[in-house]
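Engineer: Structure provided below as structure tokens; questions to follow.
The values are calculated or read from the model by the stated rules, or taken from the named source; none is laboratory data. Everything numeric in this text was worked out from a predicted model, so none of it was measured. As a convention, Cβ positions derive from the backbone with ideal geometry for all residues, glycine included, and neighbour counts pool all protein chains shown. In case anyone asks, the SASA skips ligands and DNA or RNA and just uses the protein heavy atoms, side chains included. Shrake-Rupley method; radii C 1.70, N 1.55, O 1.52, S 1.80 Å.
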Amino acid sequence: FALHVAEEGMVEPVVAARALLSAAGIVPVNARATSLIFQAGQVTGVATDIGPFHADEVVLAAGAQTALLAGTAGLSLAMTAPAGLIAHSERAGAQLLRGLVLSPQFHVRQTAEGRLIVGSDFAGNDPKDEGQAMAERLLAQVRDMVRGSEGLALDFFSVGHRPTPADGFPLIGRPGDTPGLYVAVMHSGVTLAPLVGLLAAKELAAGDRDPLLAPYDPDRLPIG
């Protein structure tokens, strides 16, 4: 049997991020953050490979690298970052799917450019040295299920690391009451980012912490 959920949707994260930055008039800085600048007990900016950036407030939303950067300010966040493999097919010449398909074996969607994007487990599935073989198996399962995909070959696979707080729930707020630092890390970040962005901005700008964020205070987990 199958269940159709009409309210479900999907978004391509890179395309969405670029559109939001453009609409806000923000020009991304092409720099790699190397550490937080921690002085006199508070975070005052970010050190990068092109120099320091100073700020009254630093929002640490670095996904799987959040714990690493927090550590440069002496904070140990209770989180892991399990690996997850995604298989990317060649571009299909037609629309094969009109939504996100979840099955016991895999999840798959089709991008605007026509690729089928396939993963096996939202919680993470570390391919170790079996990435190519795992990706081939995933796409073979899709070809057996999705009409019109029979001739699609694997183009490439990617391995991402999923930021996962120790209890599985988001960390949003000031860890250890550290002045100048606000953390926002969770899985799935893409799904929750629009709401978290609004609530975090309200808290940072006006000091008004929304009750929806109450269960996700970083201090609920051990912080070093």
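Engineer: Could you list, ordered by first residue, the pairs with Cβ atoms under 8 Å in which the first is in the range 98-121 and closer than 16 Å to Ser149 by Cα and part of a loop (DSSP other than H, G, I, E, B) and the second is open to solvent by less than 50 Å² (accessible area, probe 1.4 Å) and among the charged types (D, E, K, R), at least 6 apart or interchain?
Structural biologist: If the second residue must be open to solvent by less than 50 Å² (accessible area, probe 1.4 Å) and among the charged types (D, E, K, R), no pairs are left.
Engineer: Could you check the range 25-77 and list, in sequence order, the residues that are among the small types (Gly, Ala, Ser), assigned to a strand (DSSP E or B) and surrounded by 13 or more Cβ atoms within 10 Å (Cβ to Cβ)? Talk me through it step by step, then tell me what you get.
Structural biologist: Taking the range 25-77 as the starting set, the residues that turn out to be among the small types (Gly, Ala, Ser) are 25, 31, 33, 35, 40-41, 45, 47, 51, 55, 61-64, 67, 70-71, 73-74, 76.
Among the residues that remain, those that are also assigned to a strand (DSSP E or B) are: 33, 35, 45, 47, 51.
Passing the criteria: Ala33, Ser35, Gly45, Ala47.
Engineer: Select, from Gly176, Gly197, the only residue that is in a helix (DSSP H, G or I), closer than 24 Å to Gly71 by Cα, open to solvent by less than 70 Å² (accessible area, probe 1.4 Å) and touching an Asp or Glu at 6+ places or on another chain (Cβ under 9 Å).
Structural biologist: Details: Gly197 fails: touching an Asp or Glu at 6+ places or on another chain (Cβ under 9 Å).
On inspection, the qualifying residue turns out to be Gly176.
Engineer: Could you go through the range 136-145 and let me know if any residue there is among the polar types (S, T, N, Q) and crowded, with 19+ Cβ neighbours inside 10 Å.
Structural biologist: Keep residues of the range 136-145 that are among the polar types (S, T, N, Q), which gives 141.
Filter again for crowded, with 19+ Cβ neighbours inside 10 Å, leaving none.
No; the residues of the range 136-145 include none that is among the polar types (S, T, N, Q) and crowded, with 19+ Cβ neighbours inside 10 Å.
Engineer: Any residue that is of a type in the set (Lys, Arg) and in contact with a Gly (Cβ under 9 Å, 6 or more places away or on another chain) - is there at least one of those in the range 193-208? Quick ask: steps written out before the conclusion?
Structural biologist: Here is the first cut: in the range 193-208, the residues of a type in the set (Lys, Arg) are 202.
Still in the running and in contact with a Gly (Cβ under 9 Å, 6 or more places away or on another chain): none.
No, there is no match, as no residue in the range 193-208 is of a type in the set (Lys, Arg) and in contact with a Gly (Cβ under 9 Å, 6 or more places away or on another chain).
Engineer: Please indicate, with yes or no, whether at least one residue in the range 131-143 is of a type outside the set (Asp, Glu), outside any helix (DSSP H, G or I), touching a residue at least 40 places away in the same chain (Cβ under 8 Å) and farther than 30 Å from Thr34 by Cβ.
Structural biologist: First pass over the range 131-143, keeping only residues of a type outside the set (Asp, Glu): 131-135, 137-143.
Retained after the next criterion (residues that are outside any helix (DSSP H, G or I)): none.
No, the range 131-143 contains no residue that is of a type outside the set (Asp, Glu), outside any helix (DSSP H, G or I), touching a residue at least 40 places away in the same chain (Cβ under 8 Å) and farther than 30 Å from Thr34 by Cβ.
Engineer: Can you run down the residue pairs with Cβ atoms below 7 Å, 6 or more apart or on separate chains, where the first is in the range 1-24 and without any contact (Cβ under 8 Å) to a residue 60 or more places away in the chain and the partner is open to solvent by 60 Å² or more (accessible area, probe 1.4 Å) and part of a loop (DSSP other than H, G, I, E, B)?
Structural biologist: Listed pairs, sorted by first residue: Leu21/Pro28.
Engineer: Turning to a different aspect of this structure: Among the residues that make up the range 201-210, is at least one of them buried (at least 18 other Cβ atoms within 10 Å of the Cβ) and of a type outside the set (Phe, Trp, Tyr)?
Structural biologist: no
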